Amino acid sequence: MPPFNSLGHVAFKVHDLDASLAFYQKLGFPEMLRLLNEKGEPWIVYLRVTDEVYLELFPRGVGDRVPPENNVGMTHLCLTSSDLDATEAHLRSVGIPLSRPRNPKRGVDGNRGMWIEDPDGNRIEIMEMAPGCIQFEAVKRLREGKPPEALRLF
């Protein structure tokens, strides 16, 4: 049995946030949460695919096509795991190194994670979601019929 539960999220650096939101909402992915930067501008806009699968849109992308990290396009793929420690052990056992040292602390969203890269250098995040994380709280708000909320984390 693979150590992953699901695809967690796919993140895209986008050139035009409004156009991207319109496109993905036409596909049926509602906005559920906005994280704002220190200027109060959108830093990340979360779209719900399922209660556990999201698209993240990062505004202010540069260029027309993907490759470097800050260009318009996909920035990383995320896989979720119910046990990050066991997943790390599995990766080690099959010879896949972490691309960054694992941070023992939880991120600003309350989750734990680590990173690997595929042979082409595509970044893959592996995340263990906490029960009270900001994403799950946003889903709860959406289910209650409340509008998306914008959180200032910085």
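Of all the options R141, R100, R34, the one that moves most in a Gaussian network model of the chain with Cα springs shorter than 10 angstrom is R100.
Available extension along the chain between D85 and R143 is 17.7 nm, counting 0.36 nm per residue and deducting the alpha carbon span. Using only Cα atoms, what Kirkwood radius does segment 1-54 have, in angstroms? In segment 1-54 this quantity evaluates to 12.5 Å.
In the chain, taking the dipole from charged Cβ atoms about the Cα centre, the farthest positive-side position among Y54, H15, P42 is held by P42. Across every pair of different alpha-carbon atoms, what Kirkwood hydrodynamic radius in Å does the chain reach? That comes to 16.4 Å for the chain.
If R0 is 30 Å, the Cβ-Cβ spacing of F4 and K39 corresponds to a FRET efficiency of close to 0.25. Taking 0.36 nm per residue of sequence separation and removing the Cα-Cα distance, the L17/I124 pair yields an extension gain of 36.2 nm. Cross-link reach is defined here as a Cα-Cα straight distance under 25 Å, omitting same-chain residues fewer than 8 places apart; for K26 the lysines meeting it are K13, K140, K146.
Computed from the coordinates by the stated procedures, all read-outs in this text should not be read as laboratory data. None of the values given here were measured: they were computed from a predicted structure. Note that each Cβ is placed from the backbone with ideal geometry, even for glycine, and that neighbours are counted across all protein chains shown.
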